[in-house]
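Here is the structure we will look at, set down as structure tokens.
Just so it is clear, none of the values below were taken in a lab; they were calculated from the coordinates. Small disclaimer: the values here were computed from a predicted structure and weren't measured. Note that each Cβ is placed from the backbone with ideal geometry, even for glycine, and that neighbours are counted across all protein chains shown.
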Amino acid sequence: MSAWLNPLREQFTSLRAWWVARAPRERRFLTVLAAFLGCALLAQGLWSAHTARARLHRQMPQLKQQAEVLQRQAGEVRQLLAQPVGPAAQEGPALLAAATLVARNTGLALAPAQLQLEGARQIHVRANLPFDRWLEWVAQLQRDARLRLVSCRIDGVEGTGDLPGMVRVDASFALPEPS
């Protein structure tokens, strides 16, 4: 135990010798300087704590709102997980018919050339459509027909002054891979 204490004793002895060698006026100055630095560090620590507390106090309403949103979303996830799994996804011509029916339900009238089957589990659409109806259709395809948007290119359509919001859509949808 004294092996690690010896270097400390030597340091203390040399520090004490250094202190005794200082003039009384210099010792007083160093004491006042050390007291001033200690007070300054204490004041800085108190100020930092006060600033951090004030910042957290300002953030509390936003953090509470985020917590409420997360709790609500967690409840929605639990509800979705508790729901029974819907009917099996349709393939082939039945998939095309389901996509056409969903399009009609959202107010889109797609010609057969605009909506085509590509393989048994994928459809492709190429048409000029109102953007808001397009978004509704995509949402319903994902929810009702279990089709997922695989690729999509949307361009604005020029010269449709009486039909604002028209876009040219080139998109592919596919059923998720069976597990």
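So what is the 222 nm mean residue ellipticity for the chain from helices alone, if each DSSP H run of at least 4 adds -39500 (n - 2.57) and you divide by all residues, rounding to the nearest 500 deg cm²/dmol? Let's see the in-between values first.
Numbers: 4 runs with 106 residues, N = 179.
One gets -21000 deg cm²/dmol as the mean residue ellipticity at 222 nm.
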Using only Cα atoms, find the angle between the long axis of helix 24-82 and the longest principal axis of the chain, and express it within 0 to 90 degrees, rounded to the nearest 10. 20 degrees
With the calculation restricted to Cα positions, what are the radius of gyration and Dmax of region 99-179 in angstrom? 12.7, 47
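Calculate, in nm to one decimal, what residue 71 and residue 25 gain on full extension: separation in residues at 0.36 nm each, minus their alpha carbon distance. Intermediate values should be presented prior to the final figure.
On the way: separation 46, 0.36 × 46 = 16.56 nm, distance 6.64 nm.
9.9 nm is the gain from fully extending residue 71 to residue 25.
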Modelled label-to-label distance, residue 36 and residue 53, 7 Å Cα→beta-carbon offset: nm? 2.9 nm
For a distance above 15 Å, tell me the whole-number percent of Cα pairs in region 105-145 that qualify. 46 percent
Please report the spacing between the Cα centers of region 59-79 and region 1-38 in Å, no decimals. 57 Å
Between the helical axis of 131-144 and the dominant principal axis of the chain, each derived from Cα atoms, what acute angle in degrees is found, rounded to the nearest 10? 90 degrees
